[in-house]
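Undergrad: Pasting in a structure now, in structure tokens, and then I'll have a few things to ask.
Derivation of every value follows stated rules applied to the coordinates shown; laboratory data play no part. Everything numeric in this text was worked out from a predicted model, so none of it was measured. Here the Cβ positions follow ideal geometry from the backbone for every residue, glycine too, while neighbour counts run over all protein chains shown.
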Amino acid sequence: MFDANLTEEEKWRALLTCDPAYEGRFFYGVKTTGIFCRPSCKSKSPKRENVVFFDTAEQARESGLRPCKRCRPDLLEFQPLKEAAVKIKAVCEQYFLDHIRLKEELAELGLSRNRIIQLFHAQYGKTPSEYLNQLRIDSAKVLLADTQNNIQQIALQSGFESLSTFYTQFRKVTGVSPKEYRENIAKRGGIHN
């Protein structure tokens, strides 16, 4: 909610420091560019004489300014880091079986490998590799329960590139080997987790 008690000097300092604590308390427009921003916008700092302050985004828009494409003051909630993590997750879910396509699609996001790991971990509490292993193990569990394919076939069909990695990850996630998992399913009448 906007804050009528803020002075122009406080607003100016907040925009110079891109202070997220002032989100929703005011917006600022830049007369020379015709754009308005959130106080936390990371765009280049404008000259003081070109800045005008607004209590709401609607006031800025009514004055003829258009929203910044970087900080999106026209949206109630703008979380680009969360959106990036959601995109990474969607790519993982769609291509976890195809390592080449997975790598290509992640590269299309335009983020470094380290940044992908950071964003994903911040949002989901695990790395993309951990998540991919979980997806692959879940796929393998279904195949172990519902098919007669051998363990090596199931490992490959589930997106694992080596049998040893499959065994290691499967035991790590389930606590049993793939063979023991299949035997346990058979004992319970074919119902899988």
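Undergrad: Can you give me the number of residues within segment 16-45 that are surrounded by fewer than 19 Cβ atoms within 10 Å (Cβ to Cβ) and of a type outside the set (D, E, K, R)?
TA: Of the residues in segment 16-45, 12 are surrounded by fewer than 19 Cβ atoms within 10 Å (Cβ to Cβ) and of a type outside the set (D, E, K, R).
Undergrad: Residues in segment 67-79: is at least one in contact with a Phe, Trp or Tyr (Cβ under 8 Å, 6 or more places away or on another chain), of a type in the set (Asp, Glu) and over 30 Å from Val176 (Cβ atoms)?
TA: Among the residues of segment 67-79, not one is in contact with a Phe, Trp or Tyr (Cβ under 8 Å, 6 or more places away or on another chain), of a type in the set (Asp, Glu) and over 30 Å from Val176 (Cβ atoms), which makes the answer no.
Undergrad: Give the number of residues within segment 150-191 that are of a type outside the set (D, E, K, R) and either in contact with a strand residue (DSSP E or B) (Cβ under 9 Å, 6 or more places away or on another chain) or within 20 Å of Tyr131 (Cα to Cα) (or both).
TA: Adding up the residues that qualify gives 22.
Undergrad: Of the residues Arg171, Arg115, Arg188, Arg182, which is of a type outside the set (A, V, I, L, M) and under 30 Å from Ala84 (Cα atoms)?
TA: Just one listed residue meets the conditions, Arg115.
Undergrad: Only one of Leu143, Leu135 is among the hydrophobic types (A, V, I, L, M, F, W, C) and touching a Cys at 6+ places or on another chain (Cβ under 7 Å); which?
TA: Of Leu143, Leu135, the one residue that is among the hydrophobic types (A, V, I, L, M, F, W, C) and touching a Cys at 6+ places or on another chain (Cβ under 7 Å) is Leu135.
Undergrad: Does segment 138-162 hold any residues that are free of Cβ contacts under 8 Å to residues at least 40 places away in the same chain, in a helix (DSSP H, G or I) and surrounded by 21 or more Cβ atoms within 10 Å (Cβ to Cβ), and which are they?
TA: Within segment 138-162, Ala140, Ile154, Ala155 meet the criteria.
Undergrad: Only one of these is out of contact with any Pro (no Cβ under 6 Å at 6 or more places or on another chain) and over 30 Å from Glu10 (Cβ atoms): Gly110, Gly64. Name it.
TA: Being out of contact with any Pro (no Cβ under 6 Å at 6 or more places or on another chain) and over 30 Å from Glu10 (Cβ atoms) holds for just one of Gly110, Gly64, which is Gly110.
Undergrad: Follow-up question, since we're still on this one. Could you say which residue among Lys44, Lys31, Lys69 is touching a strand residue (DSSP E or B) at 6+ places or on another chain (Cβ under 9 Å) and within 22 Å of Gly110 (Cβ to Cβ)?
TA: On inspection, the qualifying residue turns out to be Lys69.
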